[in-house]
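The values are calculated or read from the model by the stated rules, or taken from the named source; none is laboratory data. Just so it is clear, the structure is predicted and the values come from calculations on it, not from any experiment. We place every Cβ from the backbone using ideal geometry, glycine too, and count neighbours over all the protein chains shown. Side chains included, ligands, DNA and RNA excluded: accessible areas come from the protein's heavy atoms. Shrake-Rupley method; radii C 1.70, N 1.55, O 1.52, S 1.80 Å.
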Amino acid sequence: MRIAIIGAGGHGKVVLDAVLSAGVHVVAGIVDDNAKLLGTRLFGISISESIEDLSNVEGYIVAIGDNRVRREKYNLYLQAGYTPVTIIHPSAVISPSVHIGEGTVVLANVVINPDATIGDNAVLYTSCTVDHECNISDHSYISPGCNICGRVRVGTGAMLGAGAVVLPGLSIGEWSIVGAGAVVTADLPGNVTAVGVPARIIR
């Protein structure tokens, strides 16, 4: 399928690398509204202002780190009739019983264990682990090196910082943020920020 990469920042570079490594889709171009980037190239692929500037695009992947902006762009292109594609780096280790939603990115060296469910438009970053029977909801972001133990639920739009650990059976509420290196030892409600060992809510 000919696809567009939405976003040409640092995260876009990593997603593009995963797309090229997987070799499943043809990249028609990169879309970004940052005027400083327009007309330049990333890994030899041109950056345009609009998806309409690209030829014969069927699918897209949103390569933007901010969860709310990624959700906005995901819905925008979905409603415009484009097909969200799932990108899985070839070095990822994923159990056959795992379900991964549309428009999700699974990057290098990620491990997802049996019966886990990953929602739509989520990001599983480099070397994070998602253990058995976890539920990672839509638009969430699991940063590099996170370790999520079994039967954990991560709510819609939640973000786990680099190296965070979530103990078994816990729940992270929607749109909450867990700081880098934090260890979550109790359920967290939605729309909070928690940091430290053990993780404590700071706002």
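Counting only residues that are open to solvent by 40 Å² or more (accessible area, probe 1.4 Å) and free of Cβ contacts under 8 Å to residues at least 60 places away in the same chain, how many does segment 157-180 have?
Here the count works out to 7.
Can you say whether residue 97 is among the hydroxyl-bearing types (Ser, Thr, Tyr), surrounded by fewer than 16 Cβ atoms within 10 Å (Cβ to Cβ) and either in a strand (DSSP E or B) or at pLDDT 95 or above (or both), as far as the supplied structure shows?
Numbers: among the hydroxyl-bearing types (Ser, Thr, Tyr): yes; surrounded by fewer than 16 Cβ atoms within 10 Å (Cβ to Cβ): yes; either in a strand (DSSP E or B) or at pLDDT 95 or above (or both): yes.
When the stated conditions are applied, residue 97 passes them.
Do the conditions hold for residue 14, that is, is it open to solvent by 30 Å² or more (accessible area, probe 1.4 Å) and modelled with pLDDT of 95 or more? Give the derivation first.
Working: open to solvent by 30 Å² or more (accessible area, probe 1.4 Å): yes; modelled with pLDDT of 95 or more: yes.
Taking the combined requirement at face value, the residue satisfies it.
Conditions tested, residue by residue: (1) among the β-branched types (Val, Ile, Thr); (2) farther than 27 Å from residue 6 by Cβ.
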| residue | (1), (2) |
| --- | --- |
| 122 | no, no |
| 136 | yes, no |
| 155 | no, no |
| 164 | no, no |
| 191 | no, no |
| 200 | no, yes |
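Kindly indicate the residue of segment 43-77 that is without any contact (Cβ under 8 Å) to a residue 12 or more places away in the chain and open to solvent by less than 80 Å² (accessible area, probe 1.4 Å) and also nearest to residue 127 (Cα to Cα) among those meeting that condition.
We begin by selecting, within segment 43-77, every residue without any contact (Cβ under 8 Å) to a residue 12 or more places away in the chain; these are 44, 52, 66, 69, 72, 75-76.
Now restrict to residues that are open to solvent by less than 80 Å² (accessible area, probe 1.4 Å): 44, 69, 75.
Working: 44: 27, 69: 24, 75: 28 Å.
Per the criteria, the residue is 69.
Of the residues 4, 18, 28, only one is more than 22 Å from residue 124 (Cα to Cα) and in contact with a Leu (Cβ under 7 Å, 6 or more places away or on another chain); which? Talk me through it step by step, then tell me what you get.
Values: 4 fails: more than 22 Å from residue 124 (Cα to Cα); 18 fails: more than 22 Å from residue 124 (Cα to Cα).
That would be 28, the only listed residue that is more than 22 Å from residue 124 (Cα to Cα) and in contact with a Leu (Cβ under 7 Å, 6 or more places away or on another chain).
Checking residue 194 against (1) open to solvent by less than 50 Å² (accessible area, probe 1.4 Å); (2) part of a loop (DSSP other than H, G, I, E, B), which test does it fail?
(2)
Are any of the residues in segment 130-149 farther than 25 Å from residue 68 by Cβ and of a type in the set (Gly, Ala, Ser)?
No, because not a single residue in segment 130-149 is farther than 25 Å from residue 68 by Cβ and of a type in the set (Gly, Ala, Ser).
Starting from residues that are of a type outside the set (Gly, Ala, Ser) and out of contact with any helix residue (DSSP H, G or I) (no Cβ under 9 Å at 6 or more places or on another chain), keep the ones in segment 27-42 and report whichever is most open to solvent (accessible area, probe 1.4 Å).
As a first pass, look at segment 27-42 and keep what is of a type outside the set (Gly, Ala, Ser): 27, 30-34, 36-38, 40-42.
Next, from what is left, pick out any that are out of contact with any helix residue (DSSP H, G or I) (no Cβ under 9 Å at 6 or more places or on another chain): 33-34, 36-38, 40-41.
Working: 33: 114, 34: 67, 36: 177, 37: 50, 38: 58, 40: 57, 41: 154 Å².
Top of the filtered list is 36.
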